[in-house]
Amino acid sequence: MFELRNVSRRFGNKLAVDSVTLDIPQGQMVGVIGRSGAGKSTLLRMINRLADPSSGSIHFSGVEVSKLTGRALRSWQRDCAMIFQQFNLVPRLDVLTNVMLGRLNHRSTVMSLLSVFTREERIQAIAALERLGIEQTALQMAGTLSGGQQQRVAICRALMQQPKMMLADEPIASLDPLNAKIVMDALRDINEREGITVITNLHTLDTARNYCERIVGMAAGKVVFDGKPADLTAAAVKEIYGTDKDGAGIDESMTSTSINIADPAAQAAATESAGPQPLALAGL
């Protein structure tokens, strides 16, 4: 069980995260949604301890993560892998080496400084690349890859950590719909096959509904929704995202990546361009 208890984070006078309390069982896939500035990224950074809570506590399997220091903190950051929107790869290193960097917290300081990796680690890295379908890029410089490929490399690096939890901070925000699907399919596969808890920040509601068994909605640093995708009603979406100056909520189709949305005008145009139907097909 992963637990947050009244966790808050201040930046000067700004309260970025405000008294968040959550219980997340092992193996859940959780989507965190909300407007820019709602506190989503800050929440994930506190979980990974890239930022410290101003108040409250974070616990994992009975250990208070928010108090860890030194080696114990490094072990937690190994167990709680982080995937960033901007990938955070080393552009001038090849893909295989970037993936193997995920083993650094498992190795001695000397081995890490010398960048000496074992045969087993190389095999494990290649297996991760094959799993994500990019093994052919193993010897390319990471900086030469497309955004979608780089995000898959980042997932491979996270897998090399052999984590107990995986955090993804807007992992598809800069990707086209096809690469977004590949990345989300990979995260769901990791969640289902390894039973690893996955918490991911998302901007598209259809993605959150399709991939996450639980959705947490944040507004102004607070959790204002916590439930199943089916419970994410129009009223709940309005509470998370607010309204425009005329009081209207968001139009979900404007943020959707779905290619299956029917367009009545396009369907009518297609029917008209097809010309008159044969009598048999017209039912006459």
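The values are calculated or read from the model by the stated rules, or taken from the named source; none is laboratory data. Not measured: the values here are computed from a predicted model. Heads up, the Cβs are rebuilt from the backbone with ideal geometry, glycines too, and the neighbour counts pull from every protein chain shown.
List of remarks:
- Which numbered condition residue 23 misses (of (1) surrounded by fewer than 14 Cβ atoms within 10 Å (Cβ to Cβ); (2) modelled with pLDDT under 95; (3) touching a strand residue (DSSP E or B) at 6+ places or on another chain (Cβ under 7 Å)): (2)
- Of all residues in the range 127-146, those being surrounded by fewer than 21 Cβ atoms within 10 Å (Cβ to Cβ) and assigned to a loop (DSSP other than H, G, I, E, B) number 6.
- Whichever residue in the range 160-219 is over 24 Å from residue 234 (Cα atoms) and among the basic types (Lys, Arg) and, among such residues, is nearest to the chain's Cα centre (by Cα): 188
- Where a residue in the range 17-36 is in contact (Cβ under 8 Å) with a residue 24 or more places away in the chain and its partner, wherever it lies, is buried (at least 21 other Cβ atoms within 10 Å of the Cβ) and charged (D, E, K, R), with Cβ under 7 Å and at least six apart: 17/9; 32/40; 34/40
- Residue tally, condition at positive phi and within 16 Å of the chain's Cα centre (by Cα), over the range 13-51: 3
- Enumerated helices (runs of 4 or more DSSP H) restricted to the range 147-251, each holding at least 2 residues that are crowded, with 22+ Cβ neighbours inside 10 Å and touching a residue at least 12 places away in the same chain (Cβ under 8 Å): 147-160, 177-194, 205-211
- Just one of the listed residues (89, 96, 68, 101) is crowded, with 17+ Cβ neighbours inside 10 Å and without any contact (Cβ under 8 Å) to a residue 24 or more places away in the chain, namely 68.
- Selection count where residues are closer than 23 Å to residue 137 by Cα and either touching a Ser or Thr at 6+ places or on another chain (Cβ under 7 Å) or modelled with pLDDT under 70 (or both), scope the range 84-111: 3
- Checking residue 32 against (1) among the aliphatic types (A, V, I, L, M); (2) surrounded by fewer than 21 Cβ atoms within 10 Å (Cβ to Cβ); (3) in contact with a Gly (Cβ under 9 Å, 6 or more places away or on another chain), the condition it does not meet: (2)
- Flag for residue 197 being closer than 30 Å to residue 133 by Cα and either of a type in the set (Ser, Thr, Tyr) or modelled with pLDDT of 95 or more (or both): yes
- Which numbered condition residue 190 fails, given (1) out of contact with any Pro (no Cβ under 7 Å at 6 or more places or on another chain); (2) within 24 Å of residue 37 (Cα to Cα): (2)
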